[in-house]
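None of the figures in this text is laboratory data; all of them are computed from the coordinates on show. The structure presented is a predicted model; accordingly, all values stated were derived computationally and were not measured.
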Amino acid sequence: MKSLPVILDRLDWALKAQGVNLKRSQLLEVASAAFGHHNSNETTAAAKAGRLASLH
C-alpha cells in the first residue's frame with residue numbers, strides 16, 4: 001500500500017487533470033471518505049498504523 005502522502009499526491013494530480021483544484025486538507029477529507037472513514041483523523045491514524053484498505 002502506498003503511503004498517504006503518495007495517495008494524496010496522485011489524487012491531487014488526477015483532480016487537477018479534470019480542472020478541480022483542492023487544498024491539501026480538502027484532498028485528505030476526500031480520501032478519507034473514499035476509504036470509508038468519518039474524518040481525516042481516522043484516516044491519518046489508520047495510515048500510521050498501516051491499516052489503510054486498498055482502493056482497488
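The table below gives the values:
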item: Expected 222 nm ellipticity per residue - DSSP helices of 4 or more, -39500 (n - 2.57), all of the chain, to 500; result: -18500 deg cm²/dmol
item: Taking the chain and dividing mean pair separation by its residue count, relative contact order in percent (alpha carbons under 8 Å, at least six apart); result: 32
